[in-house]
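Just below is one structure, and these are the notes that go with it.
None of the figures in this text is laboratory data; all of them are computed from the coordinates on show. Remember, it's a predicted structure, so these values are computed and weren't measured experimentally. Ideal geometry is used to build each Cβ from the backbone, glycine not excepted, and the neighbour counts take in all protein chains shown.
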Amino acid sequence: MVTGATSLGLVRDELFATMEEAEQSLEHFIIDRNNGGLLQQAVENLKQVRGTLKLIELTGAELLAQEVLDLATDIPVGAGEERDSQLAALSNGLYVLRRYLESVDASRQEIPELLLPAINVLRQAGGQPLLPEGFFFSARLDHPRPATGQAGTLGLAGADLRRLRQMYQVGLLGFLRDEDPAASLKLMGRALARLDQALGGRLCWIAGAAVEAQLDGQLLARRSRKQLFSRLDREIKQLLANPGYDIPRSLLKELLYLVALADSSGPLASEVRAVFSLTSLPFTDHLLEDESQRLAGPGQAVMRSLSTAIREELASLKDLLDLIERGTAQADAYGNLHHLLGKLAKTLGMVGLSSAANTLHAQLPVVSGWSAEQAPDAAALLRLADAVLYVESMVASLEKGERREPRAQAAPGAEAEAFASHQLTEAFIVVIDEATAGLALAKRAITAYLESNGDKLHLANVPFSLQAVRGGLRFLEQERAADLIGACADFIQKQMLESSQMPPEQMLETLADALTSLEYYLEGGAILRRDTSRAHVLDLASDSVRALGMPVAA
């Protein structure tokens, strides 16, 4: 299976070159707004970008490119200052699109929700309605509510119902003003629970689950969520005036999105998730916030330049440590060491590597007590060296255009273990890349073998390469995938190299299916994340290997 993230690598260079041309044309047009040729060139490049993203099925990126194109088409030649906000939105949209594609290319993971803020800025600049927060979220909304013993059984008069709505409004007002949001949400939840007992139906039930998710999941009090709960108040008013009022499906979808995003274990949220079959989303609210900040930050070129500068300072730091350890350092070496550590810590904090920055900050009080008269002992130097190695491993992520913190940040004094864990992860990445390359090589060799009517020379190194891939997968603790690779290697050795007859074309296609399934299983970083969502792909590979007549373990 090919996804937008995996297809991006095929068109990456041409796509980014076209985007760069569009950005340059737009920048020159902003300076010379009477030059219609510059604007037309930008529009043509944007059409090509949009078409490419549509071709590789990067949905969120395609939508952002479409919004950029629509707004650019609306800009007239000779645009005055009244168009400055639209031109600024265009520049920002292109920048965010480039940063998002860089992130997808590096992580092989699509999160189109990250692009909604930039999309809405463009739509607002063009006078279009904003897209809701759950625009890319999908769920079936026709599930009926299961019968319960309390819903709709509490008989209340109109005045009592209005009082409950007022209770909700009081809590909503506190939530809108950020005045003790937890207490405000609890009051809103209490009012919705009572309204649910009185009215029944699905609105107050789902809304109560959304409020519970907002509270338990500690979701951010975004403006869109404040507007959602304000809209809910208006819908409750309609429902009180007309019990048969048809609840807008768009509102139910947005409420269900909050329930899915929070992944709360509360009773209401759990019940709603079960009824609507809501699965956990591949991201959290706070991850979205962090990634959105990164999209607004410097691009890959800037981060790589910064990484180079930091590495140079790290090299100077290691040279100083080496001189101090040998006892040949000059008198001012300790002062320079303290100054360099403090400078590096501030720089790392500014680029978002807070764990690395904290590691160096923890060493500053220790280093400040060192001098030519009071030299550090070997244990203290070793701890500082561990901290420097840990920082160096974190800085390596900048060279890839990333600023991701490690999953388990190192506590002061535990840098050696964190560095070892990071190095193991890097080794895993190398092994996965080599395994993917080995599978791709085997597929090309089989194609050449088929096109040459059975020239075995093309397959000479394939079994050896696949056995190397098999060993790598065992290192990754992927025993089942390793066994399947071994079976493919055995088939090639026995049925293709050692056999006097060329296997039927259908058998070769089945072999290619097995290798393609295994290649897809390795892509996307699922193995590194211990994500089992792609385990079913191994079932497809097993079926193909079994069709080849090779034994497959259960």
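Structural remarks
- Neighbours of Leu450 by Cβ distance under 15 Å: Lys/Arg scored +1, Asp/Glu scored -1, total -2.
- Charge dipole of the chain about the Cα centre (unit charges at C-beta), most positive-ward option of Thr52, Leu161, Ala65: Leu161
- Overall, segment 1-135 carries a charge dipole of about 180 debye about its Cα centre when +1 sits on the Cβ of Lys and Arg and -1 on the Cβ of Asp and Glu, all other atoms neutral.
- For segment 422-547, the average shadow cast by the Cα convex hull is 7.1 nm², which is a quarter of the hull's surface.
- The three principal axes of the C-alpha atoms in segment 158-280 carry coordinate ranges of 39, 32, 23 Å, sorted with the longest axis first.
- GluC sites (Glu not before Pro) restricted to segment 77-106 and DSSP loop, no more than 12 other C-beta within 10 Å: none
- With all pairs of separate Cα atoms included, the chain yields a Kirkwood hydrodynamic radius of 28.3 Å.
- Each listed q (0.10, 0.11, 0.20 Å⁻¹) maps to a log10 I(q)/I(0) for segment 1-144 from the Debye sum over equal C-alpha point scatterers, namely -0.35, -0.42, -1.18.
- Farthest towards the positive end of the charge dipole of the chain, among the residues Leu384, Leu219, His536, is the Cα of Leu219, using unit charges on the Cβ of Lys, Arg, Asp and Glu.
- Rounded to the nearest 20 debye, the dipole size of segment 422-547 about its Cα centre is 180 debye, using +1 on the Cβ of Lys and Arg and -1 on the Cβ of Asp and Glu.
- Charge dipole (debye, nearest 20) of the chain; +1 at Cβ of Lys and Arg, -1 at Cβ of Asp and Glu: 2020 debye
- Within the chain, longest stretch clear of exposed trypsin sites (Lys or Arg not before Pro) (DSSP loop, no more than 13 other Cβ within 10 Å): 178-406
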